[in-house]
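> Submitted below is the structure of interest, expressed as C-alpha cells.
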Amino acid sequence: MPLVPMRILLDHAAENGYGVAALNVNNMEQIQAIMEAARETESPVIIQASRGARSYSQDAYLRHLMLAAVELYPEIPVCMHQDHGNSPATCFSAIRQSFTSVMMDGSLSADGKTPSTFEYNVEVTKKVVEVAHMLGVSVEGEIGCLGGIEDGHGAGLSEDQLKLHLTDPDQAVEFVKQTGVDALAVAIGTSHGAYKFTKKPTGDVLSMTTIETIHKMLPNTHLVMHGSSSVPQELQDIINQYGGALKPTFGVPVEEIQRGIKHGVRKINVDTDNRLAITGAIRKVFAETPEKFDPRDYLKPARAAMKEVCKQRMIQFGQAGWGPKIKCKTIDDMAKVYGY
Ligand SMILES: [Zn+2]
C-alpha cells in the first residue's frame, strides 16, 4: 500500500470515534519502533517530520526510510506528514518529497517565532490548500499559539502568556471556512518540549473546554492536539536514575487526551515521550555496562523502549485494531474527491 493521505485516516477515526498518534521521527530506529508498534497493535500510522528532522536526516534518507516502511508493513496504512511547515515553500518541498500531508503553521510568521495576524494565517494556509488538494495531499492549519520551542519552532510563550493565545472559537470557524483545511491544530494551553506544566494541569492551564466549544461549532473538522506528550514520571525517573538531570515537570494526562478524543480530537502529536524513552534506555546501558561500545547494544533497547511508548499510546488513543480495516485511497484518488 503506498503512503496514504492523512484525511483518509482522520475521516475513519472520526467515523469510529478514536484518535491517531502523530509520532515524530529523525532516524531509522524511530521509524522501526513505530512500525513494529503498529504491527503488534494493528494500528494506522501517522509519521511526521519537522523541518529540523528533515534537515537532520536529509530528505532523501527520510523518503527512502518511509518507502521501506510501507514495503515491509504492507498491511498498515501509513501517512507521512510535514510537522509545522513555516511557509508555503516548506510545504511544497515536502510534497515534492512524497509527503502525503502537510501542516501550514501560519499562526507564526515565516521565522517560526513571531505570532502572526489572522489575515496572514488565512492567506498562506489557503495558498497551501489550493496546491495540496490539487495533488490529493491533506493540509493541517493552526489557529492560536502553543507554548515552548521545539526544533527552533515556537513563540516561546510562558504558561501565563499562553492564556492570551488560546484559540478563539469564532476565529476557528472563520479560518476553516476561508481556508478549507482538513485538520485544525488548536491552542489549549499545551507546550512543545518536556517542560509543559509545573504541576499536574487543571482546567485553568489546560483548556479542554475550548476543544469542546470548537467541536460543537465545527463538528466536521478534525481537531489536532499539539504538545501532547504525557511526560510520564517513570520515564523521567529512568533518565535521572542513570545520570540525567531533568527538572520536575508535568505533561498532558492521557485521560485529558481521551476526553479530547470524545470531542473531535483526531490527531495527537507525541514526540517528547519517545525521546525520553530512548534517552533513558541508552543511559541505562551506558551506566550498567560501560565496557560496551557497539551502537547496537544501546540502540536496540532504545528502539524497544520507544516501541513500548508507541504501543501504549496507540491503545490509549483507540487506534489499535483499525489498521487493516481502513479502505485506503491514494493521493490521486483523493485529488478527485477534492474535485480535481
Ligand atoms: Zn506542534
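> So which pairs qualify, if the first residue must be in the range 226-249 and touching a residue at least 24 places away in the same chain (Cβ under 8 Å), the second must be assigned to a helix (DSSP H, G or I) and loosely packed, with under 13 Cβ neighbours inside 10 Å, the Cβ gap must be under 7 Å, and the two must be at least 6 apart or on different chains?
Close Cβ pairs (under 7 Å, with a partner that is assigned to a helix (DSSP H, G or I) and loosely packed, with under 13 Cβ neighbours inside 10 Å) amount to Y242/A287; G243/A287.
> Looking at H192, H222, H165, which is the one that is surrounded by fewer than 21 Cβ atoms within 10 Å (Cβ to Cβ) and within 16 Å of the ligand (Cβ to nearest atom)?
H165 is the lone residue from the list that is surrounded by fewer than 21 Cβ atoms within 10 Å (Cβ to Cβ) and within 16 Å of the ligand (Cβ to nearest atom).
> Ok, one more. Take A185 and decide whether it is within 16 Å of the ligand (Cβ to nearest atom) and either more than 16 Å from the chain's Cα centre (by Cα) or modelled with pLDDT of 85 or more (or both). Steps first, answer last, please.
On the way: within 16 Å of the ligand (Cβ to nearest atom): yes; either more than 16 Å from the chain's Cα centre (by Cα) or modelled with pLDDT of 85 or more (or both): yes.
Against the criterion (within 16 Å of the ligand (Cβ to nearest atom) and either more than 16 Å from the chain's Cα centre (by Cα) or modelled with pLDDT of 85 or more (or both)), A185 qualifies.
> While we're on this one: Is it the case, given these coordinates, that A183 is closer than 18 Å to V122 by Cα, buried (at least 19 other Cβ atoms within 10 Å of the Cβ) and in contact (Cβ under 8 Å) with a residue 60 or more places away in the chain?
Considered against the rule, which asks whether it is closer than 18 Å to V122 by Cα, buried (at least 19 other Cβ atoms within 10 Å of the Cβ) and in contact (Cβ under 8 Å) with a residue 60 or more places away in the chain, A183 comes out as yes.
> What's the total number of residues in the range 195-244 that are more than 18 Å from K262 (Cα to Cα), out of contact with any Asp or Glu (no Cβ under 9 Å at 6 or more places or on another chain) and not basic (K, R)?
Selection size over the range 195-244: 13.
> Determine which single condition A305 fails, assuming it passes every other condition in (1) surrounded by fewer than 14 Cβ atoms within 10 Å (Cβ to Cβ); (2) over 30 Å from V131 (Cα atoms).
Of everything listed in (1) surrounded by fewer than 14 Cβ atoms within 10 Å (Cβ to Cβ); (2) over 30 Å from V131 (Cα atoms), A305 misses just condition (1).
> Sticking with this one: Please pick out the residue among A281, A320, A302, A287 that is touching an Asp or Glu at 6+ places or on another chain (Cβ under 7 Å) and part of a helix (DSSP H, G or I). Can you show your working first?
On the way: A281 fails: touching an Asp or Glu at 6+ places or on another chain (Cβ under 7 Å); A320 fails: part of a helix (DSSP H, G or I); A287 fails: touching an Asp or Glu at 6+ places or on another chain (Cβ under 7 Å).
A302 is the lone residue from the list that is touching an Asp or Glu at 6+ places or on another chain (Cβ under 7 Å) and part of a helix (DSSP H, G or I).
> Moving to a separate point now. For the range 92-131, how many residues are among the small types (G, A, S), more than 16 Å from the ligand (Cβ to nearest atom) and within 19 Å of V173 (Cα to Cα)?
The number of residues fulfilling the criteria is 0.
Conditions tested, residue by residue: (1) modelled with pLDDT under 95; (2) of a type in the set (K, R).
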residue	(1), (2)
A281	no, no
V285	no, no
R296	no, yes
A305	no, no
G323	no, no
C328	yes, no
D332	no, no
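> For the range 259-272, what are the residues that are outside any strand (DSSP E or B) and within 14 Å of the ligand (Cβ to nearest atom)?
Of the residues in the range 259-272, the ones outside any strand (DSSP E or B) are 259-264, 271-272.
Those that are outside any strand (DSSP E or B) and within 14 Å of the ligand (Cβ to nearest atom): D271, T272.
> With respect to L246, is the statement that it is among the aliphatic types (A, V, I, L, M) and either buried (at least 23 other Cβ atoms within 10 Å of the Cβ) or modelled with pLDDT under 90 (or both) true?
Against the criterion (among the aliphatic types (A, V, I, L, M) and either buried (at least 23 other Cβ atoms within 10 Å of the Cβ) or modelled with pLDDT under 90 (or both)), L246 does not qualify.
> Given the conditions (1) closer than 30 Å to L235 by Cβ; (2) in contact (Cβ under 8 Å) with a residue 40 or more places away in the chain; (3) under 22 Å from the mean Cα position of the chain (by Cα), which single one is not true for L299?
That leaves (3) as the condition not met.
> Something else: Of a type in the set (V, I, T), within 23 Å of D271 (Cα to Cα), within 16 Å of the chain's Cα centre (by Cα) and surrounded by fewer than 21 Cβ atoms within 10 Å (Cβ to Cβ), is that true of I143? Before you say what the answer is, go through the steps one by one.
Details: of a type in the set (V, I, T): yes; within 23 Å of D271 (Cα to Cα): yes; within 16 Å of the chain's Cα centre (by Cα): yes; surrounded by fewer than 21 Cβ atoms within 10 Å (Cβ to Cβ): no.
Here the answer is no, as I143 does not meet what is asked.
> What is the number of the single condition among (1) surrounded by 16 or more Cβ atoms within 10 Å (Cβ to Cβ); (2) within 16 Å of the ligand (Cβ to nearest atom) that E159 does not meet?
The failed condition is (2).
The values are calculated or read from the model by the stated rules, or taken from the named source; none is laboratory data. In this text, all values refer to a predicted model and were calculated from it rather than measured experimentally. Please note: Cβ atoms are built from the backbone with ideal geometry, for glycine as well, and neighbour counts cover all protein chains shown.
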